[in-house]
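The values are calculated or read from the model by the stated rules, or taken from the named source; none is laboratory data. Note that the structure is predicted; figures quoted are calculated from it, not measured. Note: ideal-geometry Cβ built from the backbone for every residue, glycine included; neighbour counts use all protein chains shown. These area figures cover heavy atoms from the full protein model, side chains too; ligands, DNA and RNA do not enter into them. Shrake-Rupley method; radii C 1.70, N 1.55, O 1.52, S 1.80 Å.
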Amino acid sequence: MEKICIIGLGYIGLPTASMLATHGFEVIGVDINSEIVKIINNGGIHIEEPGLHTLVQAAIKSGKLKAATEARPADIFIIAVPTPFTKEKTADLSYIKSATKSIASLICKDNLVILESTSPPGTCKDVLEPIFTSFDLISGKDYYLAHCPERVLPGHTLKELIQNDRIIGGIDKKSAEKAAKFYKVFIEGNIYITDSTTAEMVKLMENTYRDVNIALANELAKICEKLRINAWEVIKLANLHPRVNLHTPGPGVGGHCIAVDPWFIIEKYPADTEIITLSRKVNDSMPEYTVEYIRKIVKEIDNAKVAILGATYKGNIDDTRESPALKIIAGLEEIGIKYSIYDPHVREFKYKLSSLEETFEGADCAVVLANHNEFRFLHPAKIGKLMRNKVLFDTRFCVDHNFWRQNGFKVYCLGVG
Ligand code: SAJ
């Protein structure tokens, strides 16, 4: 079995490393954060993902997965580090560059390097390859290089890691074939071979398609509020058409992918990306729209307090990166509306988190921002007793509005007029 070295033990690197270890590969997982390395070597996890803890425990127990702070020689190197964006909304490739440099001196003949991190088109050719060249390594001769973008949906990572189809883009044909042979060992989905820039663009367009579609849904939500109809019903009925798949509106698009990746295309081709740019703007304006909605709901109330339900960027995960909640809370502070935040999935957040009771205590409006399953089972009768005013504002159309109304609540919902 080949030796694998994975750089980055985050939302993609850790599940991949553990899964490879349980498939018999000898895996070194590398992270610059020594605390994370310690946790993993003790069989623990630093992120929430269904089934991950059990998998990491099994991988560590088997002796096949070891975490370290520095890369070690291997047959295959996988780079799974973050590609955040800068304040100017351009891709920050510093993690990819330092990961590449950290392995360049370890590369031996026939080693394969796989970039899984989402990257702007041309990254393998224009960023990774020149770094290796500066170490006197020639692609296709001294080493092989491929881009195989991760495509898993947070919350469903372990299943999708195995079942999803994979796109493999080689810097040359042999690189793609070598990478395909490796993925075939543990991937149940189909494997499609192409060149590295096409693979980079495929990944970016998947998320951009979703972003544009969500922007369309957000626009629909605003229109339906004015029309005094229900956007969620419009979407449900329109999607009965065999060729329609409208996405859903919400308080904003968060996470480290959909709100970020379209910028990697815009950055390179600003004049040709009008729809993509406009969609980003529409989705980025939703937190402000949500704050304004809340302001209108509580405008007659002195010293109003809202109960924020959910800090994460979507339901049933613990990830708050780029979460619309961040902008919404900042917006509430700006206009002087008091708030408490409850999120059963989150341990650490930029703002103070409170218990369920504290959050509802004296609140004038409960605002659902993330569709965690727990919120569907909240009991309005019990919660209503803690609140000063029984009002619900659901931005995700995820709780049973009729049930809350039966329990004395006035209910508002994003996209419903
Ligand atoms: N959202 C909406 N309306 C929708 C769908 C999502 O407002 O109809 C919002 C969510 O609430 C969230 C954001 O968009 O704030 C993104 O959530 P998501 O579930 O659409 O996507 P991510 O960011 O968790 O994962 C995406 C996935 N991409 C696609 O489905 C095309 C995943 O497969 C990728 O691997 C991941 O990005 C990534 O790493 O790129």
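Some notes on this structure:
- Computed Kirkwood radius, in angstrom, where 1/r is averaged over Cα pairs of the chain: 23.0 Å
- Virtual spin-label span in nm between residue 357 and residue 190, 7 Å along Cα→Cβ: 5.6 nm
- Sequence of 241, 256, 147 when ordered by accessible area, the most exposed leading, probe 1.4 angstrom: 241, 256, 147
- Cα long-axis angle, helix 286-298 against the chain (0 to 90 degrees, to the nearest 10): 20 degrees
- DSSP-assigned coil residues among trypsin sites (Lys or Arg not before Pro) in the range 375-417, each with at most 15 further Cβ atoms within 10 Å: 388
- The convex hull around the C-alpha trace of the range 261-417, projected and averaged over every direction, spans 10.0 square nanometres.
- Candidates 106, 65, 145, ranked by Gaussian network fluctuation over the chain, Cα under 10 Å, top entry: 106
- A quarter of the convex hull surface defined by the alpha-carbon atoms of the range 125-281 gives 12.0 nm² as the mean projection.
- Restricting the GluC sites (Glu not before Pro) of the range 279-362 to loop positions (DSSP other than H, G, I, E, B) with no more than 16 neighbouring Cβ atoms within 10 Å leaves 300, 348, 361.
- Residue separation of residue 101 and residue 348 scaled by 0.36 nm, minus their Cα-Cα distance, works out to 85.7 nm of gained length.
- Estimated distance in nm for a label pair at residue 172 and residue 227, the labels positioned 7 Å out from Cα along Cα-to-Cβ: 5.7 nm
- Label zone of residue 285 (point 7 Å out along Cα→Cβ, amide N under 18 Å): in the range 224-243 this covers 224-227.
- Dimensions (Å) - the range 214-301, Cα atoms, principal axes, largest first: 46, 39, 22
- Förster-model FRET efficiency, 41 Å R0, residue 240 and residue 335, C-beta, rounded to 0.05: 0.50
- Computed over the range 187-234, the Cα gyration tensor eigenvalues convert (square root of 5λ each) into semi-axes of 36, 13, 5 Å, ordered from largest to smallest.
- Each residue, residue 272 and residue 92, gets one label point 7 Å from its Cα in the Cβ direction; the gap between the two is 2.8 nm.
- Backbone N under 14 Å from the residue 62 label point (7 Å along Cα→Cβ), restricted to the range 185-207: 185-187
- Rg and Dmax [Cα atoms of the range 259-318; Å; Rg one decimal, Dmax integer]: 16.7, 49
- Relative intensity, log₁₀ I(q)/I(0), of the range 241-345 from a Debye sum that treats every alpha carbon as a point, q = 0.16, 0.18, 0.21 Å⁻¹: -0.81, -0.94, -1.12
- Over the range 1-58, equivalent-ellipsoid semi-axes from the Cα gyration tensor in Å: 16, 14, 10
- Nearest-ten-degree value, helix 173-184 long axis tilted from longest Cα axis of the chain: 60 degrees
- A DSSP coil position with no more than 14 other Cβ atoms inside 10 Å describes the following trypsin sites (Lys or Arg not before Pro) in the range 231-269: 243.
- Each 10 Å bin from zero holds the following percent of Cα-Cα pairs in the range 58-169: 12, 39, 36, 12, 0.
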